[in-house]
Each structure stands twice: as C-alpha cells, then as structure tokens.
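Student: This structure is in structure tokens; I'll ask about it shortly.
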Amino acid sequence: MPQPDAAAATPATSVRDGRALGPKAHRPGATLAVTSAATALTLMNYTAPMLTLPSMARAFGTPASAQAWLLNGTPLGLAVLLLVAGSLADDHGRRRVFLLGTLALGLTTALGGFAGSTLTFTLARVAQGAASAAVLAASLGLLAHAYPAGADRIRATGVWGAFVSAGIALGPLLAGGLSSLADWRLTYEALAAGTLVVAALGTRTLAESRAPRPGRPDIAGALTLGLALAAALTALTLGRDGWLRPSVGLLAVAAVVLTAVFVAVERRSRTPMIDLSLFRRPAFRAATAGALFTGLAVIGFFSVLPALLQRGAGLSPLTTAWLFLLWSGTAFVVALQTRRLAGRVSPAYQLALGFALSTAGVLGLFGALEGASVVRLLPGLVVAGAGSGLLNAALPRLAVDSVPQERAAMGSGANNTARYIGSSAGVALALALSTAGADVALVVSAVLGLAGAAVTLGVARGGRGQEVRR
C-alpha cells in the first residue's frame, strides 16, 4: 500500500527521509517558474532539429533513409526512461531527479553541438532524451506538491502546458535565427547554456518532496520496459525503408514479447514503475490515450512540417520558423486561457475538442504545402495551434489528477511516455508518407486526430457510465 506523501505532511518545509530540512519548501510561484522554464528549454531542444535537419543532413552526409534518426533520438530516450524517471522521482526525490536531469540535459546538448557524424549526434540526442525524461517527469511531480488541488493547480498546469507550447515554438525560431547568422551548431550551445542556468536557479528555489515506498527499486521492470520501447521505436524508424524486412519483424516481435514480460514483472513487484491498477481509472486511460494520439497525430506531423515547407514550398529556414511560431504561439496563448474552461468542460472533453480543432487545421493545410503562398497557410496553422493549446493544457492536468497525490511523478511519466511513443511513431510515419506527397501525410494526420477524439470521448463516456452504475 503506498505510503503518504511526505511532502503533503509538511507543506511548508523541505522533506528528506521524513525529516524537515528547513523553510525552503513552499514557494509555489518559484517552483512554477523554474519548472516551466526547464520544460520550455527541454521542448526547444526537442524541436530545434526540425529547422536544422537539412543542414545537419548535409554536414553529416546523412542519407534520406537515416534522417529519421536525427529527429527520433530524443523521443527514443524520452519514451524509454520517462516511467523510470517518474518512479525514481516519487521514491527518491523530485527535486533531486529534476536537478540531475537539467544538468545532464545541458551537458549532453552541448556535446550534440560538437557531433561530427549521424551516429554521434543521434547518440547525443538519445542522451538528451533520457535527461529530458527526468526534467518532464519530475516537473509535474513538483507542481503537484506545490499546488495540491483546486483552481490553483488548474492554473499552474495550464501555465506549464503553455510553456510546452512555448518551447515547441521557440526551438525552431532560435535554430532558424542562429543558423542564418552563423552555424546550426550554435543553437545547441545556446540551449545548453540556458539549461545550465535553470539548473543553477533550481538549486536555490526548489524544495524536495518524495513519497518513498518499501522495497527495492524495480530494476527488472526498468530493464524490460527500456528494451521493449527501444525495440519498438527502432522498428518504427527502420520500417521507413521497408516494413517487411526481417530485421523490422524481429524487432516488432521482440517488442511485443518484452512488453508482456514487463507487465508480468510489474504485477509481481512491490514497487512497480507503473501501478497497473491505475488503468482501471477512466481518467487515467483518457490521459494515456490522449497523450498517445497527441504524439501520433499532432507532434509527429508537425515535427516534419518545417522540412516539408522548405522542400515543397521552397521557404527559407527563418520564414519556416516564423510560420511554425504562428502554430505553436497560438497554442501557447490558448493553453494560458484554458483555466476559463475549468468547471465547464472536463479535461477529457477538452482533449476531444483539441483533437477536433487540430484536425480541422491540418485539413486546412491540404494542397498548401507545395508551392502555395504563405497567406494560404495561415488559417490552418492558427486553428491547429488552438487545438494543440487545448491538448497541451489538458494533458498535464489530467496526468496528475488521475493518480493519487503520492504518485504524481509516476502519472506524469506514464503520460509523457505515451506521448513520446506516439511522437516517435508519428515522425517515422509522416516521413514515410511524405515521400508519396505532403497531402498524404496531412490526410493520415487528420484521420489519427479524429481517432484520438473518438477514443478520448469513448473513454470519458465509459467512465461516466461506471460512476452511474456504482
């Protein structure tokens, strides 16, 4: 049985092993500021290669078949370690995991800027993904402790979600600006410096919280999950060159077998990385499904949109970055305003509305990615951005509200794991489909968006039916 959250017992003091460490703890405003800044930098690092992909591919001599690795390195590291990071944060300290993550992200981002080949850059990106997992999982855990419930939490998770959109927006803009002024490598050195500054600020402002459980760390679960996700995402990336190749099939089978082993391990573990009983909760299922389809339908397609615009419409990297800012900047503004929906629209229905708007915006881009004017792109980007803002605000709120308070980082890890599994699959799928034409990728993204809305609504209605029967 989970132990009470030590942080909840002493809300005005920092907590370590059940002992108060001093009056540093309850500074919710500072916690929100630092975690939001770190999240924005994490997403900037994630999206920067969207603009630098063509120049990196030229510098490394990366063939078209391997370019997906330059984008998928970070989501691979994220998906593999998010659940591990969430579990470690709850058990061993959210502040500790957050600070280690920001420090590691700064260092590995700097190393990526010095990479000299596709392999070394991809490995650096995988390491950045692992560090990002610690930042994202621990951030929401810290916020859940700083804002236990109610309107303040709704506002805080909305702000945090808005900074997800801000990071997505600013990464390509920074990359486009610095690439046009100097070299694509400067982007990663600037991001590294910013992340290290946030790590230093975090040491002075954040309070520790944890909810330790008896028993040993779930090493077997971490190993089997990591191998399962690595096999699945590698199969998805290699599948672009042919889904019927033996290597792809073997990796897919390995992923299925290892996932089954992981489930068996988690059922027996006293300290599982993911409490499988959480899937009995409709809100948790809605959060997980919403995150998965957000990755598949939204992040996957918009991750390759800048490259499609440069290749099909002949736009410069900086012009592409400004257009991308229109989409993600709209998402930022909408996410900040979603607190006005609290009490009127449930998070699950907000997810469905977000998918619907994103789908409408994507369809508005149909026929506009190859040779059309910039003006023709604007309405679709704005509508899709509004949908993304609703998704980015609803997902973190649902992730922490759908799990017990003491398992907040675990809920965040599970939600973001689903999101980045979806995004890795979405990137590989969008890149593969774009060879048949940008409009083909658009249509598939729209279909996946509608599927996300339908699944989310189905889970929400099913949960309401269960409550009525009870």
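Student: With angles folded into 0 to 90 degrees, how steeply does helix 300-312 sit against the dominant principal axis of the chain? Use alpha carbons for both and round to 10.
Tutor: 20 degrees
Student: If contacts are Cα pairs under 8 angstrom and at least 6 residues apart, what is the relative contact order of the chain in percent?
Tutor: Details: 946 pairs, mean separation 115.0, N = 470.
Once divided by the residue count of the chain, the mean separation gives 24 percent.
Student: Nearest 10 degrees, 0 to 90: what angle lies between the long axis of helix 67-92 and the longest principal axis of the chain (Cα atoms)?
Tutor: Tilt relative to the chain: about 0 degrees.
Student: What nm value, rounded to one decimal, do you get for the distance between residue 193 and residue 333 when each label is placed 7 Å out toward the C-beta?
Tutor: 3.1 nm
Student: Still on this structure, please answer the following. Taking the 0 to 90 degree range and rounding to the nearest ten, how far is the long axis of helix 408-434 tilted relative to the main principal axis of the chain, both from C-alpha atoms?
Tutor: So the inclination is approximately 10 degrees.
Student: For the peptides 262-268, 373-379, what is the packing order when you average, over each peptide's residues, the other Cβ atoms within 10 Å and list the highest mean first? Show your work: numbers first, answer last.
Tutor: On the way: 262-268: 15.9, 373-379: 13.9.
So the order, starting with the most tightly packed, is 262-268, 373-379.
Student: Something else: So, by mean Cβ neighbours within 10 angstrom, what's the order for 142-150, 253-261 with the highest one leading? Present the calculation step by step, with values, prior to reporting the outcome.
Tutor: Working: 142-150: 21.6, 253-261: 15.8.
Descending mean neighbour count gives 142-150, 253-261.
Student: What net charge is computed for the residues neighbouring residue 153, neighbours being all others with C-beta under 14 Å from the C-beta of residue 153, Lys and Arg scored +1, Asp and Glu -1?
Tutor: Details: positive: 155, 339, 397; negative: 152, 401.
Every neighbour counted, the sum reads +1.
Student: Now for a different question. For the chain, what is the mean residue ellipticity at 222 nm derived from helices alone (per DSSP H run of n ≥ 4: -39500 (n - 2.57); sum divided by total residues; nearest 500 deg cm²/dmol)? Intermediate results must be reported in sequence, preceding the final value.
Tutor: On the way: 17 runs with 357 residues, N = 470.
Computed mean residue ellipticity for the chain: -26500 deg cm²/dmol.
Student: Using alpha-carbon pairs under 8 Å, 6+ residues apart, how would you state the relative contact order of region 335-470 in percent?
Tutor: Values: 129 pairs, mean separation 49.0, N = 136.
In percent, rounded to a whole number, it is 36.
Student: Among 227, 37, 338, flag the residue with its Cα farthest along the positive direction of the charge dipole of the chain, charges on Cβ as +1 for Lys/Arg and -1 for Asp/Glu.
Tutor: Of the listed residues, the answer is 338.
Student: Enter the accessible area per residue of region 313-470 (Å², integer; probe 1.4 Å; all protein chains in place).
Tutor: For region 313-470, the solvent-accessible area averages 37 Å² per residue.
Student: I've got another one for you. Based on the alpha-carbon gyration tensor of region 52-94, what equivalent-ellipsoid semi-axes (square roots of 5 times the eigenvalues) come out, in whole Å, largest first? Working shown, then result.
Tutor: Working: eigenvalues 224, 17, 6 Å².
Semi-axis lengths for region 52-94 are 33, 9, 5 Å.
The values are calculated or read from the model by the stated rules, or taken from the named source; none is laboratory data. Owing to the predicted nature of the structure, the values given are computational and were not obtained by experimental measurement. Every residue, glycine as well, gets a Cβ built from its backbone with ideal geometry; the counts of neighbours run over all protein chains shown. The area values use the complete protein model at the heavy-atom level, side chains included, leaving out ligands, DNA and RNA. Shrake-Rupley method; radii C 1.70, N 1.55, O 1.52, S 1.80 Å.
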